[in-house]
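As structure tokens, the structure follows; a few thoughts come after it.
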Amino acid sequence: MKKAQFKILVVDDSNLVRGLLSDMLSELDGVCTVHRAADAKEGLELVSQLEPDLVTLDIRLPGETGVDLLAKIKAQKDPPEVVMLTNYPFSTYRKVCAELGADHFLDKTTELHKLLEVVRSAIAREVVKNAIAKKGNGARPNSCFDPPDNERRE
């Protein structure tokens, strides 16, 4: 089976966190590349250039905030899945990020392990989406209850 070519972008102002996340996510089956950005400007440029499948995004960034960047990413055509990953898990941030389209909101301190689950699920969804697309014209894949093509009645 061909592996998914899943691209991730990590946007965080901490070089240590970028490195940790990059190393951690690169080990997952199906992850093709993990790119890094240190601020919102670089993050937006890389989202446009690379068209990643998933972006991890810190709230506090130099220059524009991660919340500002989230709004710009989600305003694009066919935006990537976005995981807000922050040390500031306040309800106000959660609410604003949800309203702007964040797919997930995780606390770096207590929920970092959940990021692996989120990425694995995103990869699985991409594999299913690609399989359906290969089936042609968005047709539903055969159910285990469907008869083989040569036994179908018209």
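The values are calculated or read from the model by the stated rules, or taken from the named source; none is laboratory data. The model shown is predicted, which means the values in this text are computed figures rather than measured ones. With ideal geometry, Cβ positions are generated from the backbone for all residues, glycine too; neighbour counts draw on all protein chains shown. Only protein heavy atoms, including side chains, enter the accessible area calculation; ligands, DNA and RNA are left aside. Shrake-Rupley method; radii C 1.70, N 1.55, O 1.52, S 1.80 Å.
Per residue, the accessible area of the chain comes to 61 Å², computed with a 1.4 Å probe over protein heavy atoms only. Annotation for region 63-118: GluC sites (Glu not before Pro) lying in DSSP loop with at most 14 further Cβ atoms inside 10 Å of their Cβ do not exist.
Exposed loop sites here are chymotrypsin sites (Phe, Trp or Tyr not before Pro) in DSSP loop states with at most 13 other C-beta atoms within 10 Å. What is the longest stretch of the chain lacking them?
Details: sites that count: F90, F145.
After excluding every exposed loop site, the longest remaining stretch is 1-89.
When the pairs K114/K134; K7/K114; K72/K95; K74/K135; K74/K114 are compared against a 20 Å limit on Cα-Cα distance, K114/K134; K74/K135; K74/K114 fall above it.
Which residue fluctuates most in the GNM of the chain (Cα springs below 10 Å): K129, K74, K41? The residue that fluctuates most here is K129. Comparing L16, L85, L57 in a Gaussian network model of the chain (Cα springs below 10 Å), the most mobile by mean-square fluctuation is L16.
So if I take the centroid of the Cα atoms in region 1-56 and the same for region 120-134, what is the distance between those two points in Å? Each part reduced to its Cα centre gives a spacing of 18 Å. Annotation: amide H-H contacts under 5 Å for T56 (H modelled 1.01 Å from N, sequence separation of 5 or more, or interchain): L9, V10, V11, V83. Using C-alpha pairs below 8 Å separated by at least 6 residues, the relative contact order for the chain is 18 percent. Can you give the Rg to Rh ratio for region 1-112, taking only C-alpha atoms and Rh from Kirkwood? Ratio of gyration radius to Kirkwood radius for region 1-112: 0.94.
Once the Cα atoms of helix 40-50 and of the chain are each reduced to a long axis, what angle between those two axes, in degrees from 0 to 90 to the nearest 10, is obtained? Once rounded, the angle reads 20 degrees. For the chain, the longest principal axis of the C-alpha atoms and the axis of helix 108-135 are separated by about 30°.
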